[in-house]
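In what follows, a single structure is set out as C-alpha cells and then discussed.
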Amino acid sequence: MKRTWIVVIGALALAAIISACGQDELAGDLTPIPTLRPGEEPALNEALVADTEGDTTPEPSGDNGEASGGADLVAVGEALFADECAGCHGEADGAGPAFTGMAERAATRVEGMSAEDYLHESIVDPSAHVVEGFADIMPKDYDDQFDDEQINGLVAYIMAESGGGEAETEATEETPEATEEGEVTEEPEATEEAEAGSAEEESPQATEDVAASFDGDAAAGEALFAVSCAGCHGEDDGAGPALTGMGERAEAQVEGMTAVEYIHESIVDPSAHVVEGFADIMPKNYEEQLSDEEINNVIAFILTQ
C-alpha cells in the first residue's frame, strides 16, 4: 500500500514537471504585450495629437489680402471719380478745385483734420468745406447715392493718385467772382440770352403747352432738382446753363426736337447736347441713378421755369 502511494505521488510530480516545461516553450513563442512605465502616458498622448495636427495647412498671412484690398479700393474710386467727379475736378481748376494736388491741399485745409477726413466730409457734406473762390455747386446727395465702400474708394483714389500739385494761385484768391463762374465766360452768357430771346419771339406759349400735356410731377421734380441739379443750374448761368428759361431754350435748340425730348436726352446722355460755351461736365450716370418717373418729374419742373 505504501509503495502504491509512492508511485502515484511520483507520477503526479513527473506530470507537473512536463506541464511546466510546455508552458515555458509556449511563452517563448508569444509576442509580449508592451506596457508603459508610470508617467509615460501623457508623452504618448501628446505625440499622437502632434502627428494628427501635422497635416493642418497654416492660414495664410493677411498682409497680401490687405494690400490687394487697398488696390481694389483705389480701382473702385478711380472708376467712380471718372463718372461723377472728373467733369468738375480735372488737372486744372475748373468748376471745382483741380484734382492735381488735391490730397496735399486737403491735408492743410483744416487744422487738426487729416486729408482723409477732410476729403470724406467734403464728399458726404460738400457745404461743410467750400474752397475759397469756388461756388457751393457740388451735389449734396452723394452720401445717399454712394455706399461706404464707394466713398472710401474715392478718398483712397484721391490720396493715391492726385499727387502733390500746386496750391491755388493768388490770382484765384483775388478774383473769387470770376472763379465762381467756373469755365463760363461772358460770351456764352450772351449766347444764352440770345437763345432765350429767340425762343420767346418764336413760340412764347410752346413751353407752357408742353408742360400742361407732359406726364410728370413738377413738385416732385423740384425737390429732386434742388438736390441733384441746382448746384450747376441756378437762376443765372454758372457751371451749367441757367434754370431760368431752360425749357424755352430747349424748344429751340434742335430743329424737330421738342423741349421734352431735348431735356430728356440731355439728362440721360449729357454729352449729346453740350451748350456752346459750357464744358461737358454733367454726370453721365443719371439714367442709371434715376427712374423714368424721376426723370419725367425733373423735366416737368424745368418746363415750368
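The values are calculated or read from the model by the stated rules, or taken from the named source; none is laboratory data. Bear in mind the structure is a predicted one, so any value in this text is a computation, not a measurement. Here the Cβ is made from the backbone with ideal geometry for all residues, glycine too, and neighbour counts use every protein chain on show.
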Inset, instruction - Filter region 210-265 for residues that are farther than 19 Å from M138 by Cα and of a type in the set (S, T, N, Q) and give the result. - result: S213, T244, Q253, T258
Inset, instruction - Evaluate the following for A75: is it of a type in the set (A, V, I, L, M), in the same structural domain as Q150 (by TED's automatic domain parsing) and surrounded by 14 or more Cβ atoms within 10 Å (Cβ to Cβ)? - result: no
Inset, instruction - Pull up region 246-281, narrow it to residues that are in a helix (DSSP H, G or I) and among the small types (G, A, S), then point me to the one that is surrounded by the most Cβ atoms within 10 Å (Cβ to Cβ). - result: A250
Inset, instruction - Mind listing just one residue for me: the one in region 82-130 that is touching a residue at least 24 places away in the same chain (Cβ under 8 Å) and of a type in the set (D, E) and, of those, nearest to D148 (Cα to Cα)? - result: E116
Legend entry - Hey, A199 among the aliphatic types (A, V, I, L, M) and either farther than 22 Å from L73 by Cβ or at pLDDT below 75 (or both) or not: yes
Inset, instruction - Kindly indicate the residue of region 278-292 that is out of contact with any helix residue (DSSP H, G or I) (no Cβ under 8 Å at 6 or more places or on another chain) and without any contact (Cβ under 8 Å) to a residue 60 or more places away in the chain and also farthest from E84 (Cα to Cα) among those meeting that condition. - result: D292
Legend entry - helices (runs of 4 or more DSSP H) within region 57-136 that include 2 or more residues of a type outside the set (S, T, Y), modelled with pLDDT of 80 or more and under 18 Å from the mean Cα position of the chain (by Cα): 63-84, 115-124
